[in-house]
Amino acid sequence: MKLYKVTFALILGIGSLTSCSEKLDLANPNEPTTATFGNTVDDLEEAVIACYHHMRMEGTYARVGYAHDAVRGDEMWNPQHAWYLGIDHFNAAATYDVAADWIWRDQYFAINVCNFVITKCGEDDTVLTETMKRIKGQALFLRGLAYFNLANYYQNPALITSYNDYSTMEGLYAYNWQEGDEDEFDQYDRVMDQVEKDFEEALELLPTKDLGGEWAKGRANKGAAAGFYARALMQRHKYSEALDVLKTIIAGTYGKYELVKDYGDNFREGSAYENNAESLFEIQFMDYGTQQGSDDEWTQVNVSKNSAQGHALEANFAGEYASGWADLSASPWLYHLYKSQRTKGNSLDPRLYWTIATYEPEWDNYAFGNSYYTETLTEEDYVYVKPAPGETPKQVKSVTRPSDNGGLPIAKWTNLRTNLYSSAITGLRCGINLRLMRYSDVLLRAAECENEVSGPTQQAIDWINEVRRRANLEDLQLSDYVGNADKLFEQIANVERPTEFGCEHGRGFDLIRWGFFHTPDRLKQMKEHSAYILTPDCSKVKDEVKYGDTGVISSFDDYVPGHEFLPIFQSTLNNNANLRGNSANLNRDNSGYFSKKGWKIHPVVELPKK
């Protein structure tokens, strides 16, 4: 199911038309206003589609809203050393709009439309028809998702929950603090309280995926609400509550979810793969070859009737040889993590194939082989040295920025492995749906919560092994972890999650919730994970990198306490005197929040080499 945009000006507050004579009071049906639109079920059905549409903008999930968190993780880096560098190195300036403004701007556009729908539905859910409950439930889910992103990108966003607030200057210029606040986390907690409330209410109002149709193929349903409710609870270490919710998903309370047989089917476009049995929620984009529209509209306006309805992550990830932008690369640590564990048949972890575009001899007869769009990689494509002055550069297929900085190109969220077309699609045109939450995430989160609540148990091991078996890896054994919750956490956080979700959105949020920025051993580990070298020599890009060696750089070298969050845009602060900056604006250490909450930060545990 693909959700198409509508062009109603829902958030512009145009106001109703009036005249000096009642006989001349006319309402143009082609120019709806907030006074004339939204008063019928049909209007609100259209309005909720607009809520989904705003999740496909630059700062939500069409590009930077997704990629910024991925590159904040310890498994990706910015080979351009340009556009994404401030986010990658945790030192983006408050005047840099790409980091400080675009996500803030577009998430609020989504929230404003959701607020319109929610306010029109009213506060009393008991008087709503089933149709109206579903309308309100979708808007609540999408608002919860937007505020979850704002809180975990910016720490202390302003909280507006009623569309009526926009009718006054006081409501429009909202505060992000209250008298008596000790620090920015007081507002963070208020926003996250609202996020939990939105997801919990959406869970009550929405149908299960068993209803079928659009509820199983694209719209938010109970499974989506439950999954993100658990994710929000875990963000503030409410592990017992989150575990209860995750168990209901595993039990099939909201419809049957299961791992698809082929891991790669989670990253391909088309009705045979998207909205599959593993997907709890994904952002819908139009497939390659469909009538997508001709207008690459990047700005917040994005109401062109010809707007392209794809995303730009393929362009971000693809190398120059494939006409991509080569913005982001996988870290050598992630590559060698995949290589460190073999399957039961002594083969490579198949998830490597769909995550990082390297040549491996074993891939010749796997899936689409050593494909690079419609071409085929060879080992020679990794043996390349920058030409001497006057020499003609060799065309290299696989390495991002071969004449500059090197890097391991990312296959995930691209059609690099599918042999569908010959080069990357640039602009807002990639049609692969972004799976924001998969059933494998439910299983690994349940295992993490079980470990936090009860320590290593056979149940936690079983949930992990369900994910490992899809990759044909050997089972973990409880005997290796008994009595050592720190060790099992290390296995989940730094083996199971990065190999299952490598180069996906969410790792940066996890590093924040785990408190890895607040202890010397964890900060050192993140530096080691994200270490890389700048080299035009393609023969070096697959080498293991040791942090501390000459020429080795880490994305976390420039980290200053407080900058795990993005700064609030300075112009936004200037325009609204009621806003205060966050810890990144103020260079304020956030470790006290963990101490005040009594949350544990697991120490680094060395896992045995397999």
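All conditions in (1) over 26 Å from TRP413 (Cα atoms); (2) open to solvent by 30 Å² or more (accessible area, probe 1.4 Å) hold for VAL245, with the sole exception of (2).
Hey, can you tell me all the residues within region 547-561 that are part of a loop (DSSP other than H, G, I, E, B) and either among the aromatic types (Phe, Trp, Tyr) or touching a residue at least 24 places away in the same chain (Cβ under 8 Å) (or both)?
First, pick out the residues of region 547-561 that are part of a loop (DSSP other than H, G, I, E, B): 547-551, 555-561.
Scanning region 547-561 gives TYR547, SER555, PHE556, ASP557, ASP558, TYR559, VAL560, PRO561.
Counting just the residues of region 411-438 that are open to solvent by 10 Å² or more (accessible area, probe 1.4 Å) and hydroxyl-bearing (Ser, Thr, Tyr), which one comes out farthest from GLY293 (Cα to Cα)? Ranking the qualifying residues of region 411-438, first place goes to THR418.
The criterion of being of a type outside the set (Asp, Glu), modelled with pLDDT of 75 or more, surrounded by fewer than 21 Cβ atoms within 10 Å (Cβ to Cβ) and part of a loop (DSSP other than H, G, I, E, B) does not hold for GLY406.
Restricting to region 70-83, name every residue that is touching a His at 6+ places or on another chain (Cβ under 6 Å) and either among the charged types (D, E, K, R) or surrounded by fewer than 22 Cβ atoms within 10 Å (Cβ to Cβ) (or both).
Initially, region 70-83 is screened for residues touching a His at 6+ places or on another chain (Cβ under 6 Å), giving 70, 74.
Once the filter is applied, which keeps residues that are touching a His at 6+ places or on another chain (Cβ under 6 Å) and either among the charged types (D, E, K, R) or surrounded by fewer than 22 Cβ atoms within 10 Å (Cβ to Cβ) (or both), region 70-83 yields only ASP74.
Mind listing whichever residues of region 44-69 are open to solvent by less than 10 Å² (accessible area, probe 1.4 Å) and closer than 13 Å to ILE111 by Cα? So that I can check it myself, show each step before the final result.
Step one: filter region 44-69 for residues open to solvent by less than 10 Å² (accessible area, probe 1.4 Å), giving 44, 47-48, 50-51, 55, 57-62, 64-69.
Within region 44-69, ALA47, VAL48, ALA50, CYS51, MET55, MET57, GLY59, THR60 qualify.
For region 337-383, a residue qualifies if it is closer than 19 Å to GLY407 by Cα, part of a loop (DSSP other than H, G, I, E, B) and among the small types (Gly, Ala, Ser), and exactly one does: ALA357. Of LYS339, LYS412, LYS386, LYS394, all but one fail to be more than 24 Å from HIS68 (Cβ to Cβ), modelled with pLDDT of 95 or more and not polar (S, T, N, Q); the exception is LYS339.
A quick yes/no check of all residues on (1) of a type in the set (Val, Ile, Thr); (2) under 26 Å from GLU75 (Cα atoms); (3) touching a Lys or Arg at 6+ places or on another chain (Cβ under 6 Å); (4) buried (at least 22 other Cβ atoms within 10 Å of the Cβ):
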position: PRO567; (1), (2), (3), (4): no, yes, no, yes
position: LEU573; (1), (2), (3), (4): no, no, no, no
position: ALA577; (1), (2), (3), (4): no, no, no, no
position: LEU586; (1), (2), (3), (4): no, no, no, no
position: GLY592; (1), (2), (3), (4): no, no, no, no
position: SER595; (1), (2), (3), (4): no, no, no, no
position: VAL604; (1), (2), (3), (4): yes, yes, no, no
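Within the span defined as region 26-34, one or more residues are charged (D, E, K, R), more than 34 Å from the chain's Cα centre (by Cα) and at pLDDT 50 or above.
Quick check, is GLY86 without any contact (Cβ under 8 Å) to a residue 40 or more places away in the chain, buried (at least 19 other Cβ atoms within 10 Å of the Cβ), out of contact with any strand residue (DSSP E or B) (no Cβ under 8 Å at 6 or more places or on another chain) and not hydrophobic (A, V, I, L, M, F, W, C)?
Values: without any contact (Cβ under 8 Å) to a residue 40 or more places away in the chain: yes; buried (at least 19 other Cβ atoms within 10 Å of the Cβ): yes; out of contact with any strand residue (DSSP E or B) (no Cβ under 8 Å at 6 or more places or on another chain): yes; not hydrophobic (A, V, I, L, M, F, W, C): yes.
Considered against the rule, which asks whether it is without any contact (Cβ under 8 Å) to a residue 40 or more places away in the chain, buried (at least 19 other Cβ atoms within 10 Å of the Cβ), out of contact with any strand residue (DSSP E or B) (no Cβ under 8 Å at 6 or more places or on another chain) and not hydrophobic (A, V, I, L, M, F, W, C), GLY86 comes out as yes.
Would you mind finding the one in ALA174, ALA139, ALA151 that is in a loop (DSSP other than H, G, I, E, B) and either aliphatic (A, V, I, L, M) or closer than 30 Å to PHE37 by Cβ (or both)? Lay out the reasoning, then the answer.
Numbers: ALA139 fails: in a loop (DSSP other than H, G, I, E, B); ALA151 fails: in a loop (DSSP other than H, G, I, E, B).
Being in a loop (DSSP other than H, G, I, E, B) and either aliphatic (A, V, I, L, M) or closer than 30 Å to PHE37 by Cβ (or both) holds for just one of ALA174, ALA139, ALA151, which is ALA174.
Can LEU206 be described as buried (at least 21 other Cβ atoms within 10 Å of the Cβ), over 30 Å from GLY369 (Cβ atoms) and under 18 Å from the mean Cα position of the chain (by Cα)? Write out each step before concluding.
Details: buried (at least 21 other Cβ atoms within 10 Å of the Cβ): yes; over 30 Å from GLY369 (Cβ atoms): yes; under 18 Å from the mean Cα position of the chain (by Cα): no.
So LEU206 does not fit the description; no.
Close Cβ contacts (under 7 Å, 6 or more residues apart or on different chains) running from residues in region 302-330 that are open to solvent by 20 Å² or more (accessible area, probe 1.4 Å) to residues that are in a helix (DSSP H, G or I) comprise GLN309/ARG56; TRP325/ALA315; TRP325/ASN316.
In region 267-290, the residues that are at pLDDT below 95 and part of a loop (DSSP other than H, G, I, E, B) form Cβ pairs under 8 Å with partners that are hydrophobic (A, V, I, L, M, F, W, C) and open to solvent by 30 Å² or more (accessible area, probe 1.4 Å), at six or more places apart or across chains, as follows: TYR288/LEU420. For region 209-232, the set of residues classified as within 25 Å of TRP599 (Cβ to Cβ) and in contact with a Phe, Trp or Tyr (Cβ under 8 Å, 6 or more places away or on another chain) consists of ALA226, GLY227, PHE228, TYR229, ARG231, ALA232, listed by residue number. Under the condition of being more than 16 Å from ILE601 (Cβ to Cβ) and under 15 Å from the mean Cα position of the chain (by Cα), the residues counted in region 228-243 number 3. Entry remark, region 487-523: residues being open to solvent by 30 Å² or more (accessible area, probe 1.4 Å), in contact (Cβ under 8 Å) with a residue 24 or more places away in the chain and assigned to a helix (DSSP H, G or I) number 4 in total. Residue check: ASN39 meets all listed conditions (1) open to solvent by less than 60 Å² (accessible area, probe 1.4 Å); (2) at pLDDT 80 or above but one, namely (1).
Taking the criterion of being modelled with pLDDT under 95 and part of a loop (DSSP other than H, G, I, E, B), the residues of region 94-115 that qualify are TYR96, ASP101.
For region 562-578, name all the residues that are out of contact with any Phe, Trp or Tyr (no Cβ under 7 Å at 6 or more places or on another chain) and part of a loop (DSSP other than H, G, I, E, B).
Here is the first cut: in region 562-578, the ones out of contact with any Phe, Trp or Tyr (no Cβ under 7 Å at 6 or more places or on another chain) are 562, 567, 570-571, 573-575, 577.
Scanning region 562-578 gives GLY562, PRO567, ALA577.
The values are calculated or read from the model by the stated rules, or taken from the named source; none is laboratory data. Quick caveat: nothing in here was measured; it's all calculated off a predicted structure. Note that we place each Cβ from the backbone using ideal geometry, even for glycine, and neighbour counts take in every protein chain shown. The protein model used for the area step is the full one, side chains on, heavy atoms only, and it has no ligands, DNA or RNA in it. Shrake-Rupley method; radii C 1.70, N 1.55, O 1.52, S 1.80 Å.
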